[in-house]
Amino acid sequence: MSELTSERLDKWLWAARFFKTRSLAQEAIELGRVKLNGERVKPSKEVKLSDRLEIHRGEDLYEVLVCGFNLQRGPASVAQLMYMETEEGKAKRLAQAELRKLAVEPALDRTSKGRPTKREGRELRRFRGY
């Protein structure tokens, strides 16, 4: 980690490996999936040490504190040193993961995507009594 005191939010999210590319990080910020100290911000906003971030990634919500900066994206072991997940945030995220394991969302459980196949159409008509 370097001696930086601040860094662009989108660069920090990319270097901390929350998003695979900077453009994905920028898109998430613009859609309001990333909040800095509880507020929506722009991708160019500077992140400073001990700032609090709420990052929605998929169905997970990460609440982290900024602990460091890096000039370039490195391995995951180095990226994990850039932030510290809050205890209450980690507990909430793990509780949500347990709930998802117990009760699968019906829409997510669907195996096929798009239009039903010919076979699925026949089964649907048979099921509905047509």
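The values are calculated or read from the model by the stated rules, or taken from the named source; none is laboratory data. In this text the structure is predicted, and so the values were computed from the model without any measurement. Quick reminder, even Gly has a Cβ in these numbers, built from the backbone with ideal geometry, and neighbours come from all protein chains shown. What goes into the accessible areas is simple: the full protein's heavy atoms, side chains included, and nothing from ligands, DNA or RNA. Shrake-Rupley method; radii C 1.70, N 1.55, O 1.52, S 1.80 Å.
Leu94: surrounded by 14 or more Cβ atoms within 10 Å (Cβ to Cβ) and assigned to a helix (DSSP H, G or I), yes or no? Criteria not met by Leu94. If you check Leu102, Leu49, Leu71, which single one turns out to be in contact with a helix residue (DSSP H, G or I) (Cβ under 9 Å, 6 or more places away or on another chain), open to solvent by 80 Å² or more (accessible area, probe 1.4 Å) and among the hydrophobic types (A, V, I, L, M, F, W, C)? Answer to the selection: Leu71. Counted as qualifying within region 1-79 are the strands (runs of 3 or more DSSP E) with 1 or more residues that are touching a Phe, Trp or Tyr at 6+ places or on another chain (Cβ under 7 Å) and of a type in the set (Val, Ile, Thr), namely 46-48, 52-57, 60-66. Looking at Glu63, Glu120, just one residue is over 18 Å from Glu7 (Cβ atoms), without any contact (Cβ under 8 Å) to a residue 40 or more places away in the chain and buried (at least 16 other Cβ atoms within 10 Å of the Cβ), and that residue is Glu63. Do we have Ser77 as closer than 18 Å to Lys35 by Cα and among the polar types (S, T, N, Q) here? No, not satisfied.
For Gly89, indicate whether it is more than 23 Å from Leu49 (Cα to Cα) and at pLDDT 90 or above. Considered against the rule, which asks whether it is more than 23 Å from Leu49 (Cα to Cα) and at pLDDT 90 or above, Gly89 comes out as no.
Beta carbons closer than 8 Å, at least 6 apart along the sequence or on distinct chains, pair a first residue in region 19-36 that is farther than 19 Å from Val64 by Cβ with a second that is open to solvent by 30 Å² or more (accessible area, probe 1.4 Å) for Thr21/Trp14; Glu30/Lys42.
For region 74-84, how many residues meet the condition of being within 21 Å of Ser6 (Cβ to Cβ) and either open to solvent by less than 70 Å² (accessible area, probe 1.4 Å) or among the β-branched types (Val, Ile, Thr) (or both)?
Going residue by residue through region 74-84, those that are within 21 Å of Ser6 (Cβ to Cβ) are 74, 78-84.
Next cut, either open to solvent by less than 70 Å² (accessible area, probe 1.4 Å) or among the β-branched types (Val, Ile, Thr) (or both) only: 74, 78-79, 82-83.
Residues flagged as within 21 Å of Ser6 (Cβ to Cβ) and either open to solvent by less than 70 Å² (accessible area, probe 1.4 Å) or among the β-branched types (Val, Ile, Thr) (or both) within region 74-84 amount to 5.
Taking region 5-45 as the range and being over 23 Å from Lys92 (Cα atoms) and either surrounded by fewer than 14 Cβ atoms within 10 Å (Cβ to Cβ) or in contact with a Lys or Arg (Cβ under 6 Å, 6 or more places away or on another chain) (or both) as the test, the residues that pass are Thr5, Ser6, Leu9, Asp10, Trp14, Ala15, Lys20, Thr21, Ser23, Lys42, Ser44.
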